[in-house]
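Reviewing the structure listed below.
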Amino acid sequence: MFGVFIHREDSRYDDHPSERYQFPSSYLSRAMQFERGWVLFYEPTKVRESRGYYAVGRVEKIVPDPSKTDMYLALIEPGSYFEFSQNVPFKDNGTLMEKGLYNDAGKISGRAQAAVRPISESDFNRILDAGLSDLGVTLPRIDQTDLTVSHLEEAKLHLNMRSAENDEFYRVVALSAHPFLESLC
């Protein structure tokens, strides 16, 4: 199962996205679905100069917050947090990146306000691919100075073939696009 965690730099919660995400007990049952799964970090559009979807990480486990009653922590697996090479906006050409946020009438549903929410695998992949779309430009191969389109397309193909059970998609990116990312696996 894939998810989205909404995070703001000025949040009142004790969030450090690369390490932990704090949330109230009202989100516990929803967040538990993401344990051992991948989440996108999203900064809402009401934040001035919002980064949109800006990172991905794997939830190692969910635990009660020892410092606050009725609060929980989603602990991010060490080394799995990765900020995108380019931020992904909430909308692209007027269309939501998270198609699952549309209601039956084709409008944005109230789910968009949920700080902890599930996301379909196809929406997750679309956002991840957009966030990593210029990976070859920002992270050229160490052993090869010219990262060709075929290498980047090969990495995208592998990313599109991953599933919820496949927690080694970073290894695919590392082997296909850049040895630096292997440390994230």
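Any read-out appearing in this document is the output of simple, stated calculations on the displayed coordinates, not a laboratory observation. Since this is a predicted model, take the numbers as computed values, not measurements. Glycine also receives a Cβ, built like all others from the backbone with ideal geometry; neighbour counts cover every protein chain displayed.
Among 53-59, 88-94, how do they line up from the highest to the lowest mean number of other beta-carbon atoms within 10 Å? Could the numbers behind the result be given before it?
Numbers: 53-59: 23.0, 88-94: 12.9.
Highest-to-lowest ranking by the protection proxy: 53-59, 88-94.
At full extension, Thr45 and Ser85 could sit 12.5 nm farther apart than now, given 0.36 nm per residue minus the alpha carbon distance.
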